[in-house]
Amino acid sequence: IENFASDVSHELKNPITSLKSSNELLIQNKINQDQKNLLLKNMQKDIVRMNSLVTDISSYTLTQVEITDELFYEFDLVAFLKEFLQSYNDNKKSIKINFKHNQTISKIYANKDKLAQVFINLIDNSMSHSPNNSEILIDIKNTNESAIIYIADQGEGIPMNLKDKIFERFYTDRSSNQTKHTGLGLSISKKIVENFSGSIKLSNVKFKQYFGACFEINLPLKD
């Protein structure tokens, strides 16, 4: 809790300091109109950033409580994803979801709502990094004990030396678009998957035509 409070304080301090400085300059009224307009635009970005932070912080803390109290039950992962992915048939960037599986039943023991949150975080993350009219691959491969889900895109990718850092709270490499991305999505996803006795990681597995980032989720199969 102490570490989380420190992280939250640090993340909120930057936009607050920026807003304070901009407000002081506007009150002094010693700058021209173009400079004022620029300050106002920056203030708007800081407000959007803070709003995103508050929303995601609330979601993060709520998830921390919920994952220990949610009901788990047995269901087929393939059937779940077939239904879930229909919501991505129409999207603003016209990105196609290519869902591959070997037709075998993949029974897991988890919570559908929380698992859906994981896939929303990962797919939205991939879409934000992918060009228009590209594809995202979701490929399920079963072993004797686990269902392994790969999510690969055609974006710019993520360096493997960041494989641990990207799951840290508030980390984001989207320096040009931090108003929309707070760096909590992957951290939340990791907590949820681990609560299902699974794991999630940035993978170095490569798929033909999918040269961007590849995430690997490992979930234990139900006997």
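The values are calculated or read from the model by the stated rules, or taken from the named source; none is laboratory data. Model, not experiment: these values are computed from the prediction. Cβ coordinates were reconstructed from backbone atoms using ideal geometry, including for glycine residues, and neighbour counts include every protein chain displayed. When the accessible area is computed, the model is the full protein with side chains, heavy atoms only, and any ligands, DNA or RNA have been set aside. Shrake-Rupley method; radii C 1.70, N 1.55, O 1.52, S 1.80 Å.
Of all the numbered requirements in (1) within 29 Å of residue 188 (Cα to Cα); (2) open to solvent by less than 90 Å² (accessible area, probe 1.4 Å); (3) not aliphatic (A, V, I, L, M), residue 14 misses one, and that requirement is (2). Residues of the stretch 193-223 that are open to solvent by less than 50 Å² (accessible area, probe 1.4 Å), in a loop (DSSP other than H, G, I, E, B) and of a type in the set (S, T, N, Q): 203 alone.
Scan 17, 55, 61 and give me the residue that is assigned to a helix (DSSP H, G or I) and at pLDDT 85 or above. 17 is the lone residue from the list that is assigned to a helix (DSSP H, G or I) and at pLDDT 85 or above.
Among the criteria (1) in contact with a His (Cβ under 6 Å, 6 or more places away or on another chain); (2) open to solvent by 10 Å² or more (accessible area, probe 1.4 Å), the one residue 129 does not fulfil is (1). Name the residue, out of 108, 120, 136, that is of a type in the set (A, V, I, L, M, F, W, C), within 18 Å of residue 85 (Cβ to Cβ), in contact with a Gly (Cβ under 9 Å, 6 or more places away or on another chain) and open to solvent by 60 Å² or more (accessible area, probe 1.4 Å). It is 120. When residue 86 is tested against (1) under 19 Å from residue 203 (Cα atoms); (2) without any contact (Cβ under 8 Å) to a residue 12 or more places away in the chain, only condition (1) is not met.
Checked against (1) part of a helix (DSSP H, G or I); (2) under 21 Å from the mean Cα position of the chain (by Cα); (3) not acidic (Asp, Glu), residue 42 meets all criteria but (2).
Remark: pairs (first residue in the stretch 55-70, within 23 Å of residue 109 (Cβ to Cβ) and open to solvent by 50 Å² or more (accessible area, probe 1.4 Å); second residue in a helix (DSSP H, G or I) and modelled with pLDDT of 70 or more; Cβ separation under 6 Å; 6+ apart in sequence or on different chains) = 70/114.
Name the single residue that is modelled with the lowest pLDDT among those in the stretch 40-52 being under 20 Å from residue 27 (Cβ atoms) and open to solvent by 70 Å² or more (accessible area, probe 1.4 Å). Ranking the candidates gives 45 first. Filtering the stretch 102-149 to residues that are over 16 Å from the mean Cα position of the chain (by Cα) and among the polar types (S, T, N, Q) leaves 102, 103, 104, 106, 111, 132, 133, 134, 142, 143, 144, 146. Of the residues making up the stretch 100-143, those that are part of a loop (DSSP other than H, G, I, E, B) and either at pLDDT 90 or above or in contact with a Pro (Cβ under 9 Å, 6 or more places away or on another chain) (or both) are 101, 111, 130, 131, 132, 133, 134, 143.
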